[in-house]
Amino acid sequence: MKRILCALLLLAGAPLHAATLEQTLSNGLKVIVREDHRAPVVVTQVWYKVGSSYEPGGLTGASHVLEHMMFKGTTRLGPNEFSRIIAENGGEENAFTGSDYTAYFQTLAADRLEVSMRLEADRMRNLRLDAGEFAKELEVVKEERRLRTDDQPQSLLYEQFNATAYLAHPYRNPVIGWEDDLATLTVSDLKDWYQRWYQPSNATLVVVGDVDPKQVFSLARRYFGGLPGGRVTAPKRQTEPPQRGERRLELKAPAQVPYLIMGYHAPAADSDADHWEPYALEVLAGVLDGGESARLASRLRRGQEIAASVGAGYRAFSRAPGMFLLEATPAPGHSPLELEQALRAELRMLGETPVAEDELDRVKAQVVAAEVFQRDSVFYQAMQIGMLETIGIGWQVGEDYARRIRAVTATQVQQVALRYLGQDKLTVGILRPQAGALPSRRPAVSGGRHDVAQ
C-alpha cells in the first residue's frame, strides 16, 4: 500500500502541464492561463466573486437569476444568441451559481478561443436586462425551485437543515433563493446587482488547454482590456457565532423513506501552509466514506445492515467555514434514531482510537488518486484554479494538495475528530415520511437550460 501511495503522490506532483501564468489588466481583471497540449481543446471560464452568500435578506436568489439572464442578450446580441454562436462553432457552454461564486464556461476547439473571449467580454459589461425576458426567466427559476426543492423531500430537508445549522452566516440561504424573495424580485434589483458585481476587477478569466499564453493574454487585452473598471466593495464578512449545544429539526413531508442529516461546523482551508486541520478532515471523511471498504459502508450498510445508504462529506475549500456532513437512509425495519446512534458511535471510535497505519495509507492513496484522475481533465483544472482564486486563497494552494494530504497523521485525524465532531457542534435533521401521495411533478416551464445551482 505504501508503494501505491508513493507512486500516486509522485504522479500528483508530476508536470502534466506547463507552468501556470497570470496577469492583471489595467481595469483589474485577473487572467490565468495554463497550457495543456494533450488534446486540441480549450476551456474558457469567467468567475465572478458573487454568489448566494453575498445576498442580503430580501434579495436571495438574485445571483442565480442573473446567471440565467446572462444568456438573454446584450446591446449587440439577442436572447440566446450567445449559446447559438458557441454551438455553431462546435462548442459547449453553461454556467453555475454557488454560495461563493458565479461562473460561466465554454469548451471549444483550441482555434476557436477568440469566439468565447469576444462573447464573454461583451456580456461582462453590456448585458441587456429586458423586462419581458426577465419575467419569463423568473418563472423558469421559480419552477426550478419547485421541482428541485419544494417537491423533493430530501432537498427540502437539506434547505431547512442549513437554515437551522447557520444562525447568522448567509450560508443558511439557498442558492436558488427563498420562495418569497423570488416572488418580489424585480428587474431593477437585477440591474443593480449586475452593475455592482459584474466588474472586471471582481472577475477572473481562466483559460486552460492547447493554447499559447502570449496569444491568450493578447486576446484578453484586446477584448477585456477596454472594459471600464469600477471599484467593487466586498460585503462585510459575517461570522457564524459558536454553536453551544445540539440543534434538531424534523421535516414532515410526503416521502417514501425517512432520511437523516448530521452536520458539524468545521474550518475551511486557507493559504496558510501550516493550517493542517482541513486536510485531516478530508482524510477523516475518506476513512468513513472512501469506497466499499470504508467504515460506514462495511460496518453500517453491510455489517449491521442498519443503513440502506450512508455517506460522509466535507469540502475543504470555501470562502467561510462550512460543515462536516453525514447523510443516511435507514434500512427497512430500522429508524433514523437507531442510525443516528450508530453514526455517533463511529465518530466516538475515531476520537478514542487512532486510525491504523494501513487504513490511513489506503485512504490517503484514494484521496490523492481522485485528485490525480481529476487533473487529467482540462475542465477540472480550470475549475480548481477559478474556484480557489475566487474564494480568495489563490490557485497555488491546489498545487500543494497532495503534499498536504500526505502529511496528515493518524494523530491529526484523531484530533480533528475530537475538536470538531462533538455533540455541541452538531445539527441533526430528520425527514419523517407522511401518509399521502408524493407531490405531483408539474410540467416544466420551457426556456431554462442554464439552471445549474450548486
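Look at Gly225 and say whether it is in a loop (DSSP other than H, G, I, E, B) and either modelled with pLDDT of 95 or more or in the same structural domain as Arg123 (by TED's automatic domain parsing) (or both). Walk me through how you get there before you give the answer.
On the way: in a loop (DSSP other than H, G, I, E, B): yes; either modelled with pLDDT of 95 or more or in the same structural domain as Arg123 (by TED's automatic domain parsing) (or both): yes.
When the stated conditions are applied, Gly225 passes them.
If a residue must be assigned to a loop (DSSP other than H, G, I, E, B) and over 28 Å from the mean Cα position of the chain (by Cα), how many such residues does segment 207-222 contain?
Total meeting the criteria: 1.
If you go through segment 319-330 one residue at a time, do you hit one that is assigned to a loop (DSSP other than H, G, I, E, B), acidic (Asp, Glu), touching a residue at least 24 places away in the same chain (Cβ under 8 Å) and in the same structural domain as Asp400 (by TED's automatic domain parsing)?
Kept after step one, since they are assigned to a loop (DSSP other than H, G, I, E, B), are these residues of segment 319-330: 319-321.
The next check asks that each one be acidic (Asp, Glu); those that pass are none.
For segment 319-330, residues assigned to a loop (DSSP other than H, G, I, E, B), acidic (Asp, Glu), touching a residue at least 24 places away in the same chain (Cβ under 8 Å) and in the same structural domain as Asp400 (by TED's automatic domain parsing): absent.
In this structure, is Thr239 part of a loop (DSSP other than H, G, I, E, B) and either within 26 Å of Leu108 (Cα to Cα) or of a type in the set (Val, Ile, Thr) (or both)? First the steps, then the outcome.
On the way: part of a loop (DSSP other than H, G, I, E, B): yes; either within 26 Å of Leu108 (Cα to Cα) or of a type in the set (Val, Ile, Thr) (or both): yes.
For Thr239, the condition - part of a loop (DSSP other than H, G, I, E, B) and either within 26 Å of Leu108 (Cα to Cα) or of a type in the set (Val, Ile, Thr) (or both) - is met.
Could you list, in sequence order, the residues of segment 70-91 that are surrounded by fewer than 24 Cβ atoms within 10 Å (Cβ to Cβ) and part of a helix (DSSP H, G or I)?
Within segment 70-91, Glu81, Ser83, Arg84, Ile85, Ile86, Ala87, Glu88 meet the criteria.
Go through segment 122-132 and give me each residue that's touching a helix residue (DSSP H, G or I) at 6+ places or on another chain (Cβ under 9 Å) and over 16 Å from Arg76 (Cα atoms).
Residue satisfying the conditions is Ala131 alone.
Among Leu260, Leu284, which is the only one that is assigned to a helix (DSSP H, G or I) and surrounded by 22 or more Cβ atoms within 10 Å (Cβ to Cβ)?
Values: Leu260 fails: assigned to a helix (DSSP H, G or I).
Testing whether each residue is assigned to a helix (DSSP H, G or I) and surrounded by 22 or more Cβ atoms within 10 Å (Cβ to Cβ) leaves just Leu284.
Is there a residue in segment 372-388 that is among the basic types (Lys, Arg) and in a loop (DSSP other than H, G, I, E, B)? Can you show your working first?
Just the residues of segment 372-388 that are among the basic types (Lys, Arg), to begin with: 375.
Narrowing the set further to residues that are in a loop (DSSP other than H, G, I, E, B) leaves 375.
Yes, segment 372-388 contains at least one residue that is among the basic types (Lys, Arg) and in a loop (DSSP other than H, G, I, E, B).
Taking the criterion of being outside any strand (DSSP E or B) and either modelled with pLDDT under 95 or surrounded by 19 or more Cβ atoms within 10 Å (Cβ to Cβ) (or both), would at least one residue in segment 19-26 satisfy it?
Pass one, segment 19-26, residues outside any strand (DSSP E or B): 19, 25-26.
From what is left, the residues that are either modelled with pLDDT under 95 or surrounded by 19 or more Cβ atoms within 10 Å (Cβ to Cβ) (or both) are 19, 25.
Yes, segment 19-26 contains a residue that is outside any strand (DSSP E or B) and either modelled with pLDDT under 95 or surrounded by 19 or more Cβ atoms within 10 Å (Cβ to Cβ) (or both).
Return yes when Ala297 is within 20 Å of the chain's Cα centre (by Cα) and aliphatic (A, V, I, L, M) and no when it is not. First the steps, then the outcome.
Numbers: within 20 Å of the chain's Cα centre (by Cα): no; aliphatic (A, V, I, L, M): yes.
Here the answer is no, as Ala297 does not meet what is asked.
The values are calculated or read from the model by the stated rules, or taken from the named source; none is laboratory data. This structure is a prediction, so every number in the text was calculated from the model and none was measured. Counting neighbours? That spans all protein chains shown, and the Cβs are built from the backbone with ideal geometry, glycine included.
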